[in-house]
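Engineer: What follows is a single structure, and I will ask about it in a moment.
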Amino acid sequence: MSLRTALMTLAAGVAFAATAAGQTPPDAPQPKPAAGPTTPDKPPEQFRVQVLFVRVPAPFVSELGLGADSGCVLTPREGRLLAAALKHAPGQEVLARPQLLLTDNQQGFFQTAGLVTRVVPRLAPDGKTILLRAEAQLSQTHGTSTDTQSAHATVSVPVGGALVMQGGMRSTTDGGEASEVLVVMTVERVAPPAK
């Protein structure tokens with residue numbers, strides 16, 4: 001089953017539950033920022049990159065259809081569906097949720113206990129996609145040795161879309177169950193301040 005098919009199946013259940021509870025479904029349309037050309041008088045483009053490191057049970061990753069590929073690009077709607085599926089995933093554990101505010105072609109860096117991410121966003125000439133260079137690392141200490149796993153991707157992501165990196169970053173829960181660490185990067189343009 002592909003990631004998109006799995007997301008649609010999971011979304012149907014989440015949307016039904018949200019509607020029944022009187023909430024807005026996670027795939028409701030969101031306003032999009034206006035795109036415009038860059039001029040010398042205009043400040044550089046800014047991006048908000050939200051990074052989610054989340055540990056999920058290995059079977060959940062299989063249900064989503066994620067393989068060993070290091071990067072999967074999602075549309076804004078698919079990103080919202082994945083966020084809803086992760087929120088309701090049994091046994092999920094958020095490891096870190098940093099937000100980086102970056103200008104066009106600026107490298108962002110985040111590090112916390114055992115987790116590292118580097119990301120560089122660059123707006124494409126069409127103003128609708130962002131070239132994203134991303135790297136994530138997971139380090140775990142077992143006794144006297146440290147195991148470091150990483151995932152890399154260079155992809156074009158639609159504005160407001162997401163990059164999901166898995167790349168074989170495996171972990172174990174405190175109970176010893178097999179799990180996978182997903183890194184979800186959502187990229188949005190930040191509107192320039194009004195003059």
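The values are calculated or read from the model by the stated rules, or taken from the named source; none is laboratory data. These numbers come from a predicted model, not from an experiment. Reconstructed Cβ throughout: ideal geometry from the backbone, glycine too, with neighbour counts over all protein chains shown.
Engineer: Has the stretch 81-91 got at least one residue that is closer than 24 Å to Gln46 by Cβ and surrounded by fewer than 17 Cβ atoms within 10 Å (Cβ to Cβ)?
Structural biologist: The answer is no, given that none of the residues of the stretch 81-91 is closer than 24 Å to Gln46 by Cβ and surrounded by fewer than 17 Cβ atoms within 10 Å (Cβ to Cβ).
Engineer: Taking the condition out of contact with any His (no Cβ under 9 Å at 6 or more places or on another chain), part of a strand (DSSP E or B) and not β-branched (Val, Ile, Thr), does Leu86 pass?
Structural biologist: Spelling it out, it is not the case that Leu86 is out of contact with any His (no Cβ under 9 Å at 6 or more places or on another chain), part of a strand (DSSP E or B) and not β-branched (Val, Ile, Thr).
Engineer: Out of the residues in the stretch 139-148 that are part of a strand (DSSP E or B) and of a type outside the set (S, T, N, Q), which is surrounded by the fewest Cβ atoms within 10 Å (Cβ to Cβ)?
Structural biologist: Result: His142.
Engineer: Are any of the residues in the stretch 80-94 at pLDDT below 65 and within 23 Å of Pro121 (Cβ to Cβ)?
Structural biologist: No: zero hits.
Engineer: Among the residues of the stretch 112-138, write down those that are of a type in the set (S, T, N, Q) and surrounded by fewer than 13 Cβ atoms within 10 Å (Cβ to Cβ).
Structural biologist: Thr112
Engineer: Here is a follow-up. Being crowded, with 18+ Cβ neighbours inside 10 Å, modelled with pLDDT of 90 or more and under 25 Å from Ala58 (Cα atoms) is the requirement here; does Ala151 meet it?
Structural biologist: no
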